[in-house]
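The values are calculated or read from the model by the stated rules, or taken from the named source; none is laboratory data. Just so it is clear, the structure is predicted and the values come from calculations on it, not from any experiment. Positions of Cβ are generated from backbone atoms using ideal geometry, with glycine treated the same way; all protein chains shown enter the neighbour counts.
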Amino acid sequence: AQTVTQSQPEMSVQEAETVTLSCTYDTSENNYYLFWYKQPPSRQMILVIRQEAYKQQNATENRFSVNFQKAAKSFSLKISDSQLGDTAMYFCAFMKHVETNFGNEKLTFGTGTRLTIIP
Amino acid sequence: KAGVTQTPRYLIKTRGQQVTLSCSPISGHRSVSWYQQTPGQGLQFLFEYFSETQRNKGNFPGRFSGRQFSNSRSEMNVSTLELGDSALYLCASSFGPILGTYNSPLHFGNGTRLTVT
């Protein structure tokens with residue numbers, strides 16, 4: 001079974017600063033996917049960034065980037081030039097890869113980090 | 001393109017009753033997954049449907065069931081409600097099937113907030 005750990009329940013940072021959210025996971029799988037999801041007060045879970053485990057290059061999406069350390073089973077999210085709209089709960093999630101994929105395996109989520117951007 | 005639509009947004013039920021939640025996926029998406037979100041247990045996987053077949057199931061009692069229709073819309077049913085079933089129920093859809101090493105991302109709805117009194 002997979003587990004995902006987010007050790008920072010809450011974080012706050014000044015607008016325009018950079019913040020890094022931590023995530024570690026435990027799995028015996030070799031092929032898998034890692035995700036960061038954002039959940040604002042609207043409740044909708046929004047995909048921020050995705051990383052395939054077989055890719056060594058860290059994923060980047062505009063102001064969002066990850067530091068993926070496969071051997072250490074670490075997957076941190078860096079938000080640069082933080083904006084007020086980044087205020088939300090952030091969840092790290094794991095999904096194992098299945099060779100014949102006719103849908104989706106389940107996502108295993110961490111407990112989340114509540115991020116507040118201070119004006 | 002419309003997103004994932006969940007109805008109703010809020011629901012209040014009494015212990016012992018049953019409830020049905022609805023999820024309409026993004027047009028063209030054939031996989032629908034359900035998750036339960038509570039402060040104590042966090043986000044937990046309930047089940048996933050693809051082409052009207054339940055493909056994966058989480059560790060929930062048999063009171064939790066679901067189905068998917070030919071148009072990919074899905075419903076989730078909880079019978080004999082308990083106080084602990086109070087939660088935000090999230091539905092997510094994805095394109096599927098994707099073979100090989102790429103996995104199509106999940107798109108979530110706004111959820112149904114169920115309160116059991």
Within segment B:61-81, the count of residues that are surrounded by fewer than 20 Cβ atoms within 10 Å (Cβ to Cβ), assigned to a strand (DSSP E or B) and either touching a Gly at 6+ places or on another chain (Cβ under 6 Å) or not acidic (Asp, Glu) (or both) comes to 4
Identity of the residue in segment A:12-34, under 17 Å from A:Lys78 (Cβ atoms) and within 16 Å of the chain's Cα centre (by Cα), that ends up farthest from the other protein chains (Cβ to nearest Cβ)
A:Thr18
Could we say that A:Phe64 is free of Cβ contacts under 8 Å to residues at least 40 places away in the same chain, more than 10 Å from chain B (Cβ to nearest Cβ), surrounded by fewer than 18 Cβ atoms within 10 Å (Cβ to Cβ) and of a type in the set (A, V, I, L, M, F, W, C) here?
yes
Which listed residue, of B:Gly40, B:Gly58, is surrounded by fewer than 16 Cβ atoms within 10 Å (Cβ to Cβ), within 12 Å of the chain's Cα centre (by Cα) and within 20 Å of A:Leu107 (Cβ to Cβ):
B:Gly58
Looking only at segment B:46-89, which residues are facing chain A (nearest Cβ under 10 Å) and within 22 Å of A:Ser42 (Cβ to Cβ)?
B:Leu46, B:Leu88
Kindly provide the set of residues from segment A:1-30 that are touching a Phe, Trp or Tyr at 6+ places or on another chain (Cβ under 6 Å) and modelled with pLDDT under 95, ordered by number.
A:Gln2
Over segment B:6-29, the set of residues of a type in the set (Val, Ile, Thr) and at pLDDT below 95 is B:Ile26
Would you pick out the residues in segment A:43-61 that are surrounded by fewer than 16 Cβ atoms within 10 Å (Cβ to Cβ) and either closer than 19 Å to A:Thr18 by Cβ or aliphatic (A, V, I, L, M) (or both)?
A:Ile46, A:Asn58, A:Thr60, A:Glu61
Just to verify a result, which residue in segment A:49-101, among those that are charged (D, E, K, R) and not in a strand (DSSP E or B), is farthest from B:Tyr35 (Cα to Cα)?
A:Asp81
Test result for B:Ser51, modelled with pLDDT under 90, among the polar types (S, T, N, Q) and on the phi > 0 side of the Ramachandran plot:
yes
When you check A:Tyr37 against the structure, is it away from every other protein chain (no Cβ under 12 Å), within 17 Å of B:Leu43 (Cα to Cα) and either crowded, with 16+ Cβ neighbours inside 10 Å or not β-branched (Val, Ile, Thr) (or both), yes or no?
no
Of the candidates A:Ala93, A:Ala59, A:Ala71, A:Ala53, the one satisfying the condition of being within 29 Å of B:Gly28 (Cα to Cα), without any contact (Cβ under 8 Å) to a residue 24 or more places away in the chain and either away from every other protein chain (no Cβ under 14 Å) or not basic (Lys, Arg) (or both) is A:Ala59
